[in-house]
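Heads up: the structure comes next, in C-alpha cells.
The numbers here are math on the coordinates, done by the rules we state, and not lab data. Everything numeric in this text was worked out from a predicted model, so none of it was measured. Here Cβ is always computed from backbone atoms with ideal geometry, including for glycine, and neighbour counts include all displayed protein chains.
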Amino acid sequence: MILYNITSNVAHEVIDEWISWLNNILIPEIMEVGVFNDFKFFQLLDIDETDGKTYTIQFFCDNEQACREFISEAGPAFIRKSELMWGNSVYNFRSILKSVQ
C-alpha cells in the first residue's frame, strides 16, 4: 500500500474556510482522478499551534507508479490551486510512504 501524505499548517484565521474547501472541493477533485481508493483527514495534536493548526490528508493507493504519475502529472495543478487560494495562510509538505507490513 502506498500513501500520499499532505501535511498542512493552517493559519488560525482561515481554518474553518480551509477545512470546508478541502472537504467540498479539493479532496473530491483529487479522488475523482481515480488514482486513490481511500483517504483520511486528521488534525495533529500536541504540537505548537502558535502560527496555526496542523492537519494531514492521507490518500491511499495500491500502485506506487500510479501515485508518482499523479504527483508529476496532476499534482502541480492541485498545488497551484491551493497556493492561489490560500497564499501564505497555508504551508504544505508532501511525502510518499510505503507500507512495510
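Overview of results
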| item | result |
| --- | --- |
| Value of [θ]222 nm, deg cm²/dmol, for the chain, DSSP H segments ≥ 4, -39500 (n - 2.57) each, nearest 500 | -8000 deg cm²/dmol |
| Where chymotrypsin sites (Phe, Trp or Tyr not before Pro) fall in DSSP loop in the range 24-74, at most 10 other Cβ within 10 Å | none |
| In Å, descending, principal axis extents of the Cα set of the range 3-54 | 37, 22, 10 |
| Assigned charges on the beta-carbon of Lys, Arg, Asp, Glu; the chain dipole about Cα centre (debye) | 260 debye |
| Global geometry of the range 28-87, whether rounded, prolate or oblate, following the gyration tensor of its Cα atoms and the 1.5 cut on a/c | oblate |
| Farthest toward positive dipole pole in the chain [+1 Lys/Arg, -1 Asp/Glu at C-beta], among Asn37, Leu84, Cys67 | Cys67 |
| Residue exposure sequence - Tyr4, Tyr91 - by fewest surrounding Cβ within 10 Å | Tyr91, Tyr4 |
| Angle between the chain longest axis and helix 75-86 axis [Cα atoms, degrees, rounded to 10] | 10 degrees |
| Lys/Arg +1, Asp/Glu -1 at C-beta; the chain dipole; positive extreme among Tyr55, Ile25, Gln101 | Gln101 |
| Cα-based radius of gyration of the chain once divided by 2.2 N^0.38 Å, which approximates compact folds | 1.07 |
| Filtered GluC sites (Glu not before Pro), the range 1-70: DSSP coil and at most 15 other beta carbons within 10 Å | Glu49 |
